1. Can we say residue 206 is modelled with pLDDT under 95 and over 30 Å from residue 124 (Cβ atoms)?
2. Does any residue in region 54-72 that is under 15 Å from residue 387 (Cβ atoms) come within less than 9 Å, Cβ to Cβ, of a residue that is modelled with pLDDT under 95 six or more places away or on a different chain, and which pairs are these?
3. Residues 388, 372, 362: which one is acidic (Asp, Glu), closer than 30 Å to residue 224 by Cα and over 18 Å from the mean Cα position of the chain (by Cα)?
4. Which of the following residues is among the charged types (D, E, K, R), in contact with a helix residue (DSSP H, G or I) (Cβ under 8 Å, 6 or more places away or on another chain), surrounded by fewer than 19 Cβ atoms within 10 Å (Cβ to Cβ) and not in a loop (DSSP other than H, G, I, E, B): 221, 209?
5. Do the conditions hold for residue 197, that is, is it outside any loop (DSSP other than H, G, I, E, B), farther than 21 Å from residue 274 by Cβ and in the same structural domain as residue 299 (by TED's automatic domain parsing)?
6. Check whether at least one residue in region 172-184 is within 23 Å of residue 107 (Cβ to Cβ), assigned by TED's automatic domain parsing to the domain that holds residue 279, part of a helix (DSSP H, G or I) and among the β-branched types (Val, Ile, Thr), and report yes or no.
7. Let me confirm something: among 92, 204, 157, 150, which residue is in contact (Cβ under 8 Å) with a residue 12 or more places away in the chain, more than 30 Å from residue 266 (Cβ to Cβ) and either in contact with a Lys or Arg (Cβ under 7 Å, 6 or more places away or on another chain) or among the aromatic types (Phe, Trp, Tyr) (or both)?
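The values are calculated or read from the model by the stated rules, or taken from the named source; none is laboratory data. If you're wondering where the values come from, they're calculated on a predicted model, not measured in any experiment. Positions of Cβ are generated from backbone atoms using ideal geometry, with glycine treated the same way; all protein chains shown enter the neighbour counts.
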Amino acid sequence: MAKAKYKRSMQRRRIISVVVALLLAFALIFAIVSGIVKGVRSIKAKVHARQEYNATMEAKLDKMSLEEKVGQMILAYHPAQDDVAAQKKYQFGGYIFFAKYFNDNTPEGVVADMASFQEVSKIGMLLAVDEEGGTVNRISRFPMYRDERFASPQEIFHGGGWDGIVADAKEKAAFLKILGLNTNLAPVVDVPYDKENYIYNRAFSTNPEEVADFAEYVTTEFKNAKVVSCLKHYPGYGNMGDTHRTVIEDTREQQVLDTRDSMPFQAGIAAGTPMIMVSHTIVDAYDAKNPASLSKAVHNVLRSTLGFDGVIITDDLEMSGVTKFVADPGKVAIQAVQAGNDMIISGKPVAQYEALLKAVKEGTISEERINESVLRILEMKKAYGLIEQKK
């Protein structure tokens with residue numbers, strides 16, 4: 001009798017265990033399926049939002065004149081005179097400001113100027129500086145703007161580690177926004193080899209993995225602050241010389257470029273960088289005939305291999321590395337656009353605007369090619385709140 005009761009008890013326990021196990025299995029399957037469904041719905045929602053986003057910018061593009069489109073592709077040197085009138089007439093994509101402008105001004109004056117430029121712009125302007133920290137500071141070098149100039153990324157990291165890098169990026173973004181600026185042509189993510197290299201003092205590290213982490217942290221913080229940042233200088237200076245001074249030829253092997261030098265750009269792209277600047281070095285592994293900024297092959301690597309779909313901008317077209325290669329400002333602007341750049345940094349904006357406009361009208365550059373770039377510019381400006389400002 002006792003044995004029979006014991007067997008029945010054990011059978012009930014086994015049955016209960018099986019039922020509990022089945023219930024747990026069903027619950028797990030339900031949770032997984034629910035998660036998948038939610039994930040699919042989330043992806044569909046994001047795709048739908050992206051489609052609506054693109055459609056909105058495409059509709060905006062359709063309403064723009066050819067003149068307005070070409071203007072958007074130029075990041076012009078801030079003119080010393082008639083700056084508001086020039087922007088009202090040409091509708092440039094933005095102005096870039098150098099140290100002299102800030103030295104001759106005040107914080108209050110800068111704020112007022114930035115507002116006046118945006119006031120006459122049909123599409124919000126990029127108001128840009130190179131505030132890298134260390135040897136390149138356009139604003140913080142002057143005590144009327146900041147008690148101390150921003151330190152170099154190397155110095156910040158040695159003193160505060162990654163927390164210091166993040167805090168510095170946040171502070172830079174806030175500093176620029178207070179003045180009405182919205183674009184920092186930084187960070188520098190070139191990977192030098194040693195202290196003797198030209199780019200070393202402006203760079204973060206000689207270790208590509210560390211530079212990749214740096215690119216990710218800085219890009220993320222500027223993105224969170226809604227300040228446009230720009231990775232530079234693709235494909236990477238490495239141990240090359242200064243293209244401000246002369247034509248520079250990079251003879252390194254492609255494997256080195258595709259791994260060591262590309263690593264920080266890949267990290268920045270993954271973090272959502274809105275813009276990448278292309279240098280004027282002639283990179284033999286990709287194109288032995290043209291500076292990177294004028295090379296279709298280099299731009300194809302950036303688009304197809306690295307998968308970057310944001311705005312590509314030239315380094316300054318006034319630099320000797322490109323002017324000694326193509327002296328005519330109109331021709332170099334045309335070649336830059338034909339190579340795949342979306343924007344050019346221009347010290348001769350009117351001449352280059354007129355050259356690009358003429359090139360499109362004569363069929364040297366198709367309007368479809370212009371539209372590709374302007375759509376990217378509009379999408380970036382929309383993402384960073386510069387389209388809403390002009391509603």
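1. No: the conditions fail for residue 206.
2. 56/387; 57/387; 60/387
3. 388
4. It is 209.
5. It is false that residue 197 is outside any loop (DSSP other than H, G, I, E, B), farther than 21 Å from residue 274 by Cβ and in the same structural domain as residue 299 (by TED's automatic domain parsing).
6. So far as region 172-184 goes, yes, one or more of its residues are within 23 Å of residue 107 (Cβ to Cβ), assigned by TED's automatic domain parsing to the domain that holds residue 279, part of a helix (DSSP H, G or I) and among the β-branched types (Val, Ile, Thr).
7. 92
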